[in-house]
Amino acid sequence: MKTGKQAGKATNTKPLTLKLPMLFPSMTRPDVIIVVRWNFKEGDVLPLDPDQCLLVVSCVYGEGSLLIPDFLGRPHRIVKILQPVGSTMQLGDPLFALEPVEEVLAREESVA
């Protein structure tokens, strides 16, 4: 299994859900992936460092890492982890929800 795949895609500034990408060239929807470890938790702001491991998964080829997406362009906070440790998932399944930090700060300031 290749390590270092980027998770999902970001297309706008609204909260977004990133999905499990293709982890190896022959991966298809029936292939089962298991979440081994998250390196971040809900509420954490992801650093703009695409070399940092976001989570570790296991599949038929062994363990691999999904890196922090390099296309986010600005800090994002993990709003919800949709696949906790031990979960099984398949290609395209939702992994987690993010929202840009600027929007979070603006919303918190308007409530205060």
Taking segment 2-28 only, how many residues are part of a loop (DSSP other than H, G, I, E, B), of a type in the set (D, E, K, R) and at pLDDT 90 or above?
0
Matching residues, segment 70-86, being loosely packed, with under 15 Cβ neighbours inside 10 Å and either farther than 16 Å from PRO21 by Cβ or touching a helix residue (DSSP H, G or I) at 6+ places or on another chain (Cβ under 8 Å) (or both)
GLY73, ARG74, PRO75, LYS80, PRO84, VAL85, GLY86
I'd like the full set of residues that are farther than 24 Å from THR28 by Cβ, in contact with a strand residue (DSSP E or B) (Cβ under 8 Å, 6 or more places away or on another chain) and of a type in the set (Gly, Ala, Ser), limited to segment 57-81.
none
With the requirement that a residue be exposed (fewer than 12 other Cβ atoms within 10 Å of the Cβ) and either in a loop (DSSP other than H, G, I, E, B) or modelled with pLDDT of 95 or more (or both), what does segment 48-69 give you?
ASP49, ASP51, VAL60
Using beta carbons and a limit of 6 Å, which pairs, at least six apart or on different chains, have the first residue in segment 77-98 and of a type in the set (S, T, N, Q) and the second one in a strand (DSSP E or B) and buried (at least 18 other Cβ atoms within 10 Å of the Cβ)?
GLN83/VAL35; GLN83/MET89; GLN83/LEU95; SER87/VAL35
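The values are calculated or read from the model by the stated rules, or taken from the named source; none is laboratory data. Remember, it's a predicted structure, so these values are computed and weren't measured experimentally. Cβ coordinates were reconstructed from backbone atoms using ideal geometry, including for glycine residues, and neighbour counts include every protein chain displayed.
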